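**Student:** Before we start, here is the structure in question, set down as structure tokens.
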Amino acid sequence: MTPRAHVLVAVKELHVAKTRLSGVFDVADRTGLVLSMLRDTLTVVRDVDSVVGVTVVTPDAAVARLARSVGAHVYADPTSTPVEGSVDEQGSEGDQGEHGLNAALAAAADHVRKNEQGVDVVALQADLPSLRRDEFGEALAAARTGGRSVVVDHHGTGTAALFSCDPSVPLDPQFGPGSARRHLESGARPLHGHWPGLRTDVDTADDLDTARALGVGPATRAALDAATPIAASPGGKS
């Protein structure tokens with residue numbers, strides 16, 4: 001059977017998205033940036049040959065509209081806690097927020113596997129504006145050597161992507177600050193490869209600079225060109 005994958009992307013409510021960029025952009029520009037990074041991420045992933053489905057897990061209506069506009073499915077957050085999608089791995093959401101994200105992703109993964117027998121499941125960050133198709137394809141191929149695996153982000157502490165490539169192995173997402181360690185301690189294998197775009201999620205001004213240096217997708221580039229930066233705090237941190 002030809003390998004097939006379904007990608008899950010969690011996205012929080014826009015009014016609380018990317019608050020650590022508040023020293024760089026106002027609310028409207030941050031919202032536009034979040035949606036643009038999501039559009040670029042979804043567009044790249046959907047273009048990978050073995051990806052047969054993409055689902056955005058979100059409680060936000062605007063995010064859901066964008067997801068559907070690029071051909072992705074939408075799975076409403078089934079928990080009472082807002083989903084922290086594009087997980088801020090360096091910040092702190094608290095136990096309740098982390099639980100809400102992980103419960104929503106686990107429920108979505110179960111839903112996908114009930115409807116698509118034998119499919120590989122991937123939980124991917126939503127803010128990967130420098131992602132390239134070949135990077136994701138290579139990581140997915142490496143993950144298919146068995147079980148559950150993880151791509152650690154460019155900080156070395158967060159999770160850029162979590163893979164479950166065995167129907168008998170639950171996705172078991174454990175996102176939140178320091179998630180790389182939790183995923184590894186829970187049995188996920190680290191995937192090694194030169195995939196800078198896949199590893200570069202954007203939560204801070206420094207992350208955004210890194211993504212720009214790698215080259216960002218067209219929607220993100222347009223959003224950045226249209227945005228009006230505000231004064232940054234000392235050290236370039238938001």
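**Student:** Taking 35 Å as R0, compute the FRET efficiency from the Cβ-Cβ separation of residue 184 and residue 117 and round it to 0.05.
**Tutor:** After rounding, the FRET efficiency stands at 0.75.
**Student:** For residue 55, which sequence-distant residues (separation of 5 or more, or a different chain) have an amide H within less than 5 Å of its own amide H, given hydrogens modelled in the peptide plane?
**Tutor:** Those lying under 5 Å, H to H, from residue 55 are 7, 8, 9, 73.
**Student:** Leaving out ligands, DNA and RNA, and with a 1.4 Å probe, what % of the accessible surface on segment 150-238 is carbon or sulfur?
**Tutor:** Heavy-atom surface of segment 150-238 belonging to carbon and sulfur, 1.4 Å probe: 58 percent.
**Student:** Given +1 on the Cβ of Lys and Arg, -1 on the Cβ of Asp and Glu, and no further charges, what dipole in debye does the chain carry about its Cα centre, rounded to the nearest 20?
**Tutor:** I would put it at about 400 debye.
**Student:** Hey, rough spin-label estimate for residue 99 and residue 168, points 7 angstrom out along Cα→Cβ, what's it come to in nanometres?
**Tutor:** 3.1
**Student:** Moving to a separate point now. Accessible area per residue of the chain at 1.4 Å probe, in Å²?
**Tutor:** On a per-residue basis, 42 Å².
**Student:** What size of dipole, in debye to the nearest 20, comes out for segment 106-145 about its Cα centre when the only charges are +1 on Lys and Arg C-beta atoms and -1 on Asp and Glu C-beta atoms?
**Tutor:** In total the dipole reaches around 120 debye.
**Student:** If you average the alpha carbon positions of segment 28-60 and of segment 164-215, how far apart do those two centres end up, in angstrom?
**Tutor:** 16
**Student:** May I ask you to compute the full-extension gain from residue 110 to residue 76, defined as 0.36 nm times their residue separation minus their alpha-carbon distance, rounded to one decimal in nm?
**Tutor:** Length difference between fully extended and current span is 10.9 nm.
**Student:** Can you send over the solvent-accessible area of residue 172, 1.4 Å probe, protein chains only, in Å² to the nearest 10?
**Tutor:** 70
The values are calculated or read from the model by the stated rules, or taken from the named source; none is laboratory data. Computed from a prediction, not measured in an experiment: that's the story for all the values here. Glycine gets a Cβ as well: all are built from the backbone with ideal geometry, and neighbour counts include every protein chain shown. Calculation scope for accessible area: heavy atoms of the full protein, side chains included, ligands and nucleic acids excluded. Shrake-Rupley method; radii C 1.70, N 1.55, O 1.52, S 1.80 Å.
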